[in-house]
Amino acid sequence: MKAIIMAGGEGSRLRPLTCGRPKPMVPVLNKPIMSHIIALLQEHGFNDIGVTLQYMPEAIRDHFGDGAEHDVNLHYFVEDSPLGTAGSVKNAAAFLDETFMVISGDALTDLELSRAVEFHKEQGAIATLVLTRVDCPLEYGVVITAEDGRVTQFLEKPGWGEVFSDTVNTGIYVLEPEALDYFAPGQKFDFSKDLFPLLLREKKPLYGLVLPGYWCDIGNLQQYLEAHQDILSNKVKIKMPGKEVAPQVWLEEGASIDGSAIVKGPVVIGANSQIGDGAVIEPYSLLGSGCLIQRGASIKRSVIWDNVFVGKGAALRGAVVGSRVQVQARAGIYEGAVVGEDSIIRESSQLKPDVKLWPHKLVEPGTTVHRSIIWGTASPKKIFGFEGISGLVNVEITPEKAVRLGAAFGSVNGPASRISISSDSYTASTMIKEALISGVQSVGAKVLDLGDSITPESRYAVRALDCDGGIHVKVSPHTRDKLVLVFMNSRGGNISRAIERKVENALAREDFPRSEADRLHPPKIVSDIYHQYTAATCAGQNGESIRRAGFKLLLSYDQSNLAAYVNNLRDKLGFAVEDFSLTGVKGFCSWDLCQEALPALSEAVIESGADMGAILEPNADRLVLIDEKGRVIQDNLFTALISLIILKGQVGSVVVPVTAPMVIESLAEQYRGKVVRTKSAIQDFLDKVLTQEAAPEGISQFFLHFDALSALVNILDCLAEHKIKLSELVDEIPLFFMDSQDVAVPWETKGKVIRCLVQDPPASRFETLDGIKIYHPDGWALVLPDPDEPVCRVFSEGSTMEIAESLTDMYIKKINEIAGSKSG
């Protein structure tokens, strides 16, 4: 038998789900709606099927092809302009040479179609309407039939005052070819508004048949969600995908659920999707293929399309989420909200109930969205953060994006430039490094491949190898599933904001000057930079005095990244190293876990009689020390210690960020030095350090501040030279008391906060080098807007801890008052 599927619908009421796809291609149960219609037709013996197309016809034709995968023959008929339901079917008249069925390609049903054909033939009808009964008939064509099924009256989409039946037209018809002879080809003509009233007036055999079963016209977003809930409630006779691995929990091929995750049926989890540890999937949820649901995320009564990322602690409630959407950590999407494809919902953002996000939208961190967003894109103007570009592996930082970033950075530096590229030893970092190399090569720049490296070695290599810039890829110290791409200038410092903007603009335009094949340069493998770097680290140190001192160190560090460097320095300088491993931790250890282990390390240092303990960040960017008495030296105290060592080395000036304690000025006065304060951003700090770089015989502030290994060696050298213990060196630093706290401030209010504090400062003396720093008689407070998050950071220092804390509290209260006021 033959059938016609009407598949020309645009589906405007289903937007944003139908932005970029015709309505029959909207997925239901992880397949286009039309797939279920084809399966139903095939089940009832309809193997020769015509498909009428009008909106985005290629999307349907490319997906279904000739129908062989569904064991049917598909024929396509495209309208150049809308012809109405009947007009579109008449467009396929040459194909329709026998009794045929007409069915919509965007409804969900399990009705007995063959029963309708039997009835049609029994009655000798020219047209038979398949009918069903609904609770609310206002959106449908209402039909009255006689006892024999002959249609006596109908009305298209009545008001309540006009309703005379709950029996409605499903849009499924059985027709004889001559039914199409009542209007001309190319004429805009509708079945329910034009053809059937005409046949009724002319008293032609027009019949209706009420069929039991399920039918849903998925006309709006609420019906779309309800259709999935009906499927999962077993109200529709439809083949469930995958395998039922637990009561009403269906897993498609390749899907996996962590042992600690909680999944309560009815639920469908698409092919190759991963449910992380502690994630919760509540009933009536459906996940498409390739989704990644991270630790602690919670999904309830939601429909998620393909390749969606749901970050740690995120919550979805009664939502529909399009393909390739990123719902980042702690974000929330609530009842009736719909997120279009390729959108990004950043950390801690919220989409309130019934909000619609059109495709390619970006919601900034911490934002609460109350109204639908139609315009704009998901391309943030600013992609550089505090330390280069960071993002989740294969979600925000993908090989494709890395290629484009490499091309953008290479084009900004120019085709004659030399760019060093390196990564740490983790697989994800290496993958992205290789993609960056391809991108830089493509614009004609010369690549120096440093292989596995660490950040300070990469910074050193840029200078030592006379490069114009460099990129180092590293795992985030906080979590292994995040990467950081550090972009460097010719001095090894972070690139300036001006260069960042040029890279961002080049990336946005994507008009990279690609080089011809014969002008491409193969990457040059640099294999000896490791030896150069470790030699440079030891240069200027009194190795013999360090060896004689016989230092014993208790170290906690990333073995895969740093073992070779630690062992090399140990052998060169003759200090003893005992590894301190965190209990139960194998491989990567986050910086947060390391911080939690500090008390245990302090205790171990005392018990072992070590001269000091230390924790090194995985890429040797940062160092925390513990003296032989178990005292922890980090953050501001570590900055003061480094400043003291620099000043003892009789270097004229010491560079510190604006957040550093005032005791450094006291130390500088004692050693006849000078303090240079900079903005807190890494590029500003690094730039100033490099500008103030010491003579070769002096101590390099660059190495001390930004190289944990060099800092460790310099500290050992200082202790050996002065024949003192680390605790004695720390005791030279006067006591200071500092406090800090973050306060949530919406992006749009940050400027107002700083403006109001500048216009009406709580004290007469203030400076605006970075944020606003206000001086009080017994201390100071700094209010600093964060560049990456919707917060302001408050730093304070006082003559006592109570004063420091009271200053912090005072400014947090003031910020909340300013941010909460509507005036100004």
- Message: Order Phe706, Phe46 by their accessible area, 1.4 angstrom probe, all chains in place, largest first.
- Response: Phe706, Phe46
- Antiparallel DSSP beta bridges within the chain, percent to nearest 5: 45
- Task: Would you check the accessible area of Arg547, probe 1.4 Å, heavy atoms only, in square angstrom rounded to 10?
- Result: 110
- Task: Over the chain, give the accessible area per residue in Å² for a 1.4 Å probe, as an integer.
- Result: 42
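Within the accessible area of the chain, what % is carbon and sulfur when the probe is 1.4 Å and the other protein chains stay in place?
48
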- Query: So what's the gap between the Cα centers of region 208-286 and region 449-506, to the nearest angstrom?
  - Reply: 45
- Item | Residues with amide H under 5 Å from that of Val654, placed H, sequence gap 5 or more | Lys674, Val675, Val676
- Plugging the Cβ-Cβ distance of Lys524 and Lys31 into 1/(1 + (r/R0)^6) at R0 = 45 Å yields, to the nearest 0.05, a FRET efficiency of 0.35
- Extension gain from Val78 to Tyr671, taking 0.36 nm per residue of separation minus the Cα-Cα distance: 204.9 nm
- Solvent accessible area, Å² - Met240, 1.4 Å probe, full protein context: 40
- Query: Tell me, what is the percent relative contact order of the chain, built from C-alpha pairs under 8 Å that lie six or more residues apart?
  - Reply: 6
- Task: Compare Thr768, Thr800 by solvent-accessible area with a 1.4 Å probe and give them largest first, with all protein chains kept in place.
- Result: Thr768, Thr800
- Note on the structure: Probe 1.4 Å, all chains present, heavy atoms only: Ile262 accessible area in Å², nearest 10, is 80
- Task: Evaluate the distance, in nm, between pseudo-label points positioned 7 Å from the Cα of Cys538 and of Asn47 along their respective Cα→Cβ axes.
- Result: 8.1
- Span from the region 68-103 Cα centroid across to the region 311-360 one, whole angstrom: 38
- Query: Got a sec? What order do Asp62, Asp770, Asp592 fall in by accessible area at 1.4 Å, biggest, i.e. largest, first?
  - Reply: Asp62, Asp592, Asp770
- Expressed as a percent, the portion of alpha-carbon pairs in the chain spaced more than 52 Å apart is 32
- Determine, for each peptide in 215-227, 511-523, 754-766, 616-628, the mean count of other beta carbons within 10 angstrom over its residues, then list the peptides with the highest first. 616-628, 215-227, 754-766, 511-523
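Please compute the length gained on full extension between Leu200 and His722, using 0.36 nm multiplied by the number of residues separating them and subtracting their Cα-Cα distance.
Going from the current span to full extension adds 177.1 nm.
The values are calculated or read from the model by the stated rules, or taken from the named source; none is laboratory data. Keep in mind that what you see is a predicted model, and the values were worked out from it rather than measured. Note: ideal-geometry Cβ built from the backbone for every residue, glycine included; neighbour counts use all protein chains shown. The area values use the complete protein model at the heavy-atom level, side chains included, leaving out ligands, DNA and RNA. Shrake-Rupley method; radii C 1.70, N 1.55, O 1.52, S 1.80 Å.
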